[in-house]
Amino acid sequence: MITRIMAIAATEFRIQTRNRWLASATVLMTLFALALTFAGSAPTGSLGVDLLTVSVASMTTLAVYLAPFLALMIAFDAIAGEAERGTLGLTLTYPLSRGEMLLGKFAAHLAVLAIAIALGLGSAGVAAWLAGGAGPASVQALARLIATAILLGACFLALGYVASALSGSGAGAAGLAVALWLVLVVLYDLGLLGALVMDAGGGFTKHVFPWLLALNPADAFRLWNVSAAQEVALVSGMAGAGEALPGWAAPLSLLLWPVLALALARTVFERVEP
Amino acid sequence: MTDRDTALAIAGLDKSFGRTQVLGGITLNVAPGERVALLGHNGAGKSTLIKMILGLIRPGAGSIRVAGNAPGSAAARAATAYLPEQVAFHRSLTGREQLTMFARLAGEHPKTVAPLLERVGLALAADGRIGTYSKGMRQRLGLAQALLGRRRVALLDEPTSGLDPISRHDLYAVIDEMAANGTALLIASHALTELEARTDRIAIMAKGRLVADDSLGNLARAAALPTRIRLTAREGAAEAVQAELGGRRVNGRAVELDCTTEQKMAQLARISGLGEAVRDVEMVPPSLEDLYRHYCGENRQ
Ligand SMILES: Nc1ncnc2c1ncn2[C@@H]1O[C@H](COP(=O)(O)OP(=O)(O)O)[C@@H](O)[C@H]1O
Ligand SMILES: [Mg+2]
């Protein structure tokens, strides 16, 4: 089983490096992270925290949008694209289960994403450190940011496979992936915001809203990073929601999402007739 | 019959896509070492049948056993080689990388890859990107992956499409070698040529039904197709020749007659009786194409 998963993973990783996804994702991540770090360096003095702390706060916001986007871009083609190009049928006639194939691709795609995120956010972090100093707390926050951004990417990789297995064509899968991104990363928050305004500080705001936040992987990612680091919370002004929740809620959500989404992707993939 | 006798056993297979029935009541067995040509026009259902044997498409009704296993089970897949109709690979991989992946999936040592590439004539192109390969080269790579390991059943879907005549003969050398190793072969094709005729048995599908399943000799005998006699008459004598022998006028001077094997000598005697009126006689035995058309329910042209 491991041999077969590794065979798929090695092939997939090779394809991702050959079609330059690895390079593009890394460059994109690095450029955005650097830009945000230095654009956001103005308020440093006034808040009394080091530049790396500010940088981590801005990069958290960046990663909420960019990590899911990159993950979906890598993942949406995984099944639909192969079915369309006719490479899927032959591979599936080998003694390889669909779950193994999915795990192999997931391993390769996660490696690509992890490299892009670690290099991108890491280099911006190092630049902020060199330019404006860093304390042990902010270095820890950066490490947490990188690890959780990879987890967030893992969620959306798996969701991308679901979209890919549901669609008959690569174009359909791309459309579905964009819709997923819009709903989970943008519209969900807007909806919650609207509900908060309507509720005007009532029971919904106190008891339901924090859990709804934790339920969405993108918000769980934000919560985890913000509530874990006081200083980051201070900068991003998002401490309130995190305090209403037990500490395990956001991490649990972010850890469970990839597992459940992968299981769902496998179930949908089982039904695909190439 | 036991599983030892049939590497591939198909019984009463039905399949519909939505409301259209694509396969109906297909029963077909292939023994180890046997080569069976599966013939039929485009849309006859050959590829659908092969995909069902592979477990890629679920059957509507009926049963399939691959070396005694359910189609699509790990054991059945380990026992089956497949060459798809449209061979497609990842463009950005090299032939060697792609074949190595398949070797790993099949549980074969990557060491087996280089000799196989050589075997199908891709040794020189092995480290070039598949995106730069011609259709024939991709077909050869497809054949190479079908040769990985010793499989008990091989399903080749239109393996000669895209191959030049020399490659077609190479292909049949490979097919014979696989059969000699005990692999049961099912070879789909949309035409009956000398190559398909070299198989042990011919199964013909028309509109999702199996309309013939026998050796070429038996099929030819059962069809009892007439031999065609073509006469060229002397100038102005065509009319008289037709009046005497019957048959059809083809153009100004030729007359065509169809006759069975038994009638052949008697007809020739009558023709020579016409003496000077006939300038030339040509005998055209039924071709493989005629035989194929006969079983597909079409008339000879
Ligand atoms: N996935 C599908 N959905 C609907 N119809 C299909 C599908 N696959 C094949 N068919 C139809 O089934 C028939 C048989 O196709 P196929 O097995 O590819 O024929 P062949 O390989 O003999 O040319 C055709 O009429 C084709 O249009
Ligand atoms: Mg076909």
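The values are calculated or read from the model by the stated rules, or taken from the named source; none is laboratory data. It should be emphasised that the depicted structure is a prediction, and the values quoted were computed from it without experimental measurement. In this analysis, Cβ positions are derived from the backbone assuming ideal geometry, glycine residues included, and neighbour counts consider all displayed protein chains. Only protein heavy atoms, including side chains, enter the accessible area calculation; ligands, DNA and RNA are left aside. Shrake-Rupley method; radii C 1.70, N 1.55, O 1.52, S 1.80 Å.
Below, the figures for the structure above:
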item	result
Set B:Lys15/B:Lys46; B:Lys51/B:Lys207; A:Lys105/B:Lys15; B:Lys46/B:Lys135 screened for pairs whose C-alpha atoms are more than 23 Å apart	A:Lys105/B:Lys15
Chain A: relative contact order as a whole-number percent, Cα under 8 Å and 6+ apart	28 percent
Length released on extending from B:His190 to B:Arg270, taking residue separation times 0.36 nm less the Cα-Cα span	24.8 nm
Label-to-label distance, nm, for residues given as B:Ala74 and A:Val178 (7 Å Cα→Cβ offset)	4.1 nm
Two-site label geometry, B:Gln263 and B:Arg91: point separation in nm, points 7 Å out along Cα→Cβ	5.9 nm
Most mobile of B:Ala240, B:Ala37, B:Ala173 in a GNM of chain B (Cα contacts under 10 Å)	B:Ala240
Unit charges on C-beta of K, R, D, E only; dipole of segment B:8-221, Debye	600 debye
Estimated dipole of chain A in Debye, rounded to 20 [Cβ of Lys and Arg +1, of Asp and Glu -1, Cα centre]	480 debye
For segment B:53-102, residues shielded by at least 30 square angstrom of accessible area compared with the chain on its own, probe 1.4 Å	B:Leu56, B:Arg58, B:Arg77, B:Tyr82, B:Ala88, B:His90, B:Ser92, B:Leu93, B:Glu97, B:Met101, B:Phe102
Chains A and B together, accessible area buried on both sides, 1.4 angstrom probe, square angstrom	2500 Å²
Charged-residue dipole, Cβ positions (Lys, Arg, Asp, Glu), the protein assembly as shown about Cα centre, Debye nearest 20	380 debye
Solvent-accessible area, 1.4 Å probe, carbon plus sulfur percent, for chain A	72 percent
Those trypsin sites (Lys or Arg not before Pro) in segment B:143-173 that DSSP places in a loop and that have at most 14 other beta carbons within 10 Å	B:Arg150
With DNA, RNA and ligands ignored, accessible area of A:Tyr188 (1.4 Å probe; Å², nearest 10)	60 Å²
Length gained when the stretch B:Lys135-B:Asn218 is fully extended (0.36 nm per residue, less Cα-Cα span)	26.3 nm
Per-pair calculated FRET efficiency, R0 = 30 Å: A:Leu28 and A:Val139 via Cβ, rounded to 0.05	0.80
Within chain B, helix-based [θ] at 222 nm, where runs of 4 or more DSSP H residues each add -39,500 (n - 2.57), nearest 500	-9000 deg cm²/dmol
Between 0 and 90°, nearest 10: helix B:135-146 axis offset from chain B longest Cα axis	60 degrees
Portion, in percent, of the accessible area of segment B:86-221 that falls on carbon or sulfur, probe 1.4 Å	52 percent
Descending Cα extents along the principal axes, chain A, whole Å	62, 46, 30
Listed residue (A:Pro251, A:Ile115, A:Gly133) projecting farthest to the positive dipole end of segment A:2-270, Cβ model	A:Ile115
Two-site label geometry, A:Ala111 and A:Met198: point separation in nm, points 7 Å out along Cα→Cβ	4.8 nm
Rounded to the nearest 10 Å², the accessible area of B:His90 at probe 1.4 Å	30 Å²
Axial C-alpha extent at least 20 Å, average Kyte-Doolittle at least 0.5 - helices from chain A (DSSP)	A:21-39, A:51-75, A:98-132, A:136-166, A:249-270
Probe 1.4 Å, protein heavy atoms only - accessible area per residue of chain B in square angstrom	46 Å²
Relative contact order of segment B:226-285, pairs being alpha-carbon contacts under 8 Å that are 6 or more residues apart, as %	51 percent
Solvent-accessible area lost in complex, 10 Å² minimum, residues of segment A:5-19 relative to chain alone, 1.4 Å	A:Ala7, A:Ile8, A:Thr11, A:Arg14, A:Ile15, A:Arg18
Efficiency of FRET between A:Leu215 and B:Asp14 - r from beta-carbon atoms, R0 45 angstrom, step 0.05	0.45
Solvent-accessible surface ranking, highest first, for B:Glu244, B:Glu262, B:Glu289 at 1.4 angstrom	B:Glu262, B:Glu244, B:Glu289
Solvent accessible area, Å² - B:Lys135, 1.4 Å probe, full protein context	80 Å²
Farthest positive-ward along the protein assembly as shown dipole, Cα basis, beta-carbon charges - from B:Pro84, A:Leu52, B:Thr232	B:Thr232
1.4 Å probe accessible area per residue over segment A:45-97, in Å²	24 Å²
Carbon/sulfur fraction of accessible area - segment B:226-285, other protein chains in place, 1.4 Å, %	49 percent
